1. Name, by its number, the condition in (1) farther than 23 Å from GLY209 by Cα; (2) modelled with pLDDT of 50 or more; (3) touching a helix residue (DSSP H, G or I) at 6+ places or on another chain (Cβ under 6 Å) that does not hold for SER324.
2. Here is a list of conditions, (1) over 19 Å from LYS214 (Cβ atoms); (2) at pLDDT 95 or above; (3) buried (at least 17 other Cβ atoms within 10 Å of the Cβ), and THR267 meets all of them except one; can you say which number that is?
3. Identify, please: which residue in region 211-243 is surrounded by 21 or more Cβ atoms within 10 Å (Cβ to Cβ) and under 17 Å from the mean Cα position of the chain (by Cα) and is, among those, modelled with the lowest pLDDT?
4. Which pairs turn up if I take residues in region 302-317 that are modelled with pLDDT under 90 and look for partners that are part of a loop (DSSP other than H, G, I, E, B) and surrounded by 11 or more Cβ atoms within 10 Å (Cβ to Cβ) with beta carbon separation below 9 Å, at least 6 apart in sequence or on another chain?
5. ILE200 is checked against (1) within 19 Å of ASN302 (Cα to Cα); (2) under 22 Å from the mean Cα position of the chain (by Cα); (3) crowded, with 16+ Cβ neighbours inside 10 Å and fails just one. What number does that condition carry?
6. Scan region 205-219 for residues that are farther than 22 Å from PRO125 by Cα and touching a helix residue (DSSP H, G or I) at 6+ places or on another chain (Cβ under 8 Å) and jot them down.
7. Identify all residues within region 242-276 that are of a type in the set (D, E, K, R) and in contact (Cβ under 8 Å) with a residue 24 or more places away in the chain; write none if there are none.
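The values are calculated or read from the model by the stated rules, or taken from the named source; none is laboratory data. Values in this document were obtained by computation on a predicted structure and should not be read as measured data. When we count neighbours, we look across all protein chains shown, and the Cβ atoms used for this are built from the backbone with ideal geometry, even at glycine.
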Amino acid sequence: MRVDYFPLLVSPGEDEPAHALLRRLARRNGIDNRGVMTELTGLSASRLRRGDGVEKLAHLLNCNPDVLSHSTAQSIVKGIVSLRGEPLRLADDLLQKERRVCPVCISEGAYQRFWFELSFVSTCPKHRVALVDACSCGKPLSWDDVNIEKCSHCEDGSVYRLTPLTPHEDVLMMNRWALGRLGVGRTVSIPILDSMPLWIALNVVSRVGVVAIKGYTFWRGVDGYDTPAHEIRAAGFRILQSGRLDQLLDEVYGQYLAEKTKNYAETYRTIYGFFGEWFKVWYNSKYFVEGARPFADIVIANAARKKVVDLEMKKTTRHAKRTSSAVGRSGRGRASARDVAPAC
């Protein structure tokens, strides 16, 4: 590692991930080529995104490696990382190519925050503005940009010139809750979600959101509808926060009754659509965790009132405890891919 090439060092900012810090070091020393930076340091942004090389970067910058690790995802198994104690899906929960910023945040400190890169966060709850992914010239921001506030395609563009968009309050609240789980801002307690690992809670929120907006329908993934994903998550979060899951399931059942053309056997799949099928598979799988029991109890009780009791739903408490031990609330420790990767 050629330390003499870096006469100007940088210090990590609050919530700054290691890969962004490496790029900031390069910019400060006039290096705008990623390949050159990798050759000089032996470090790459792609590996730093998974926590590989954090100690080496800390040594180069003469800073505490724990400070860098705190805001940097750490690889657990293939495709799964741990971020501040919460397991997340590398491909689904963390943006890899897109770059987004909060213009107000970077005006206060010109560096990237790790949460700008979370796919399930679309706003800055602190400043109550939407994150932006394009320069004032209209070109998308990317990781090839030299300056954090503009793209590499224009001379004088800047995200500071953009008119800040004010998100819907529900979206802000959902983002505030998710970020609070990761130690950013104020913690928002949602009892039905608090004991679930974050990646499971996000999956639950997304499924409930699709039911709330689309009703009795098919699952296409949270990004597969004409409604933006952040609005779907916000809708699901609002239902769970307000304690209206039971009411929502009654509404879906009413839609099923109104639209059915044949006398089907009533099962979780038939009365709740995709949601019922997903729930049954998840509840009986190794991915179900005991922290999701309050949510599951509401679904099971709602179905029981409609005289629906699938034999498969009779899960034993012992099985639930055994399968939940792989990934606890904190997500700390190592586990196999099957233990932490989402099943449904």
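1. SER324 satisfies all of (1) farther than 23 Å from GLY209 by Cα; (2) modelled with pLDDT of 50 or more; (3) touching a helix residue (DSSP H, G or I) at 6+ places or on another chain (Cβ under 6 Å) except (2).
2. Result: THR267 passes all but (2).
3. Out of the qualifying residues, it is VAL222.
4. That search, which allows pairs on different chains as well, returns VAL308/GLU266; VAL308/THR267; ASP310/THR267; GLU312/ASN284; MET313/ASN284; LYS315/ASN284; LYS315/PHE288.
5. Unmet condition: (1).
6. Result: ARG207, VAL208, VAL210, VAL211, ALA212, ILE213, GLY215, TYR216, THR217, PHE218, TRP219.
7. Looking only at region 242-276, we keep the residues that are of a type in the set (D, E, K, R), and these are 244, 246, 250-251, 259-260, 262, 266, 269.
ASP246, ASP250, GLU251, GLU259, GLU266 - these are the residues of region 242-276 that are of a type in the set (D, E, K, R) and in contact (Cβ under 8 Å) with a residue 24 or more places away in the chain.
Listed here are the residues, each with its yes/no results for (1) over 22 Å from GLN241 (Cβ atoms); (2) assigned to a helix (DSSP H, G or I).
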{"residue": "THR270", "(1), (2)": "yes, yes"}
{"residue": "VAL281", "(1), (2)": "yes, yes"}
{"residue": "ASP297", "(1), (2)": "no, yes"}
{"residue": "ILE300", "(1), (2)": "no, yes"}
{"residue": "VAL309", "(1), (2)": "yes, no"}
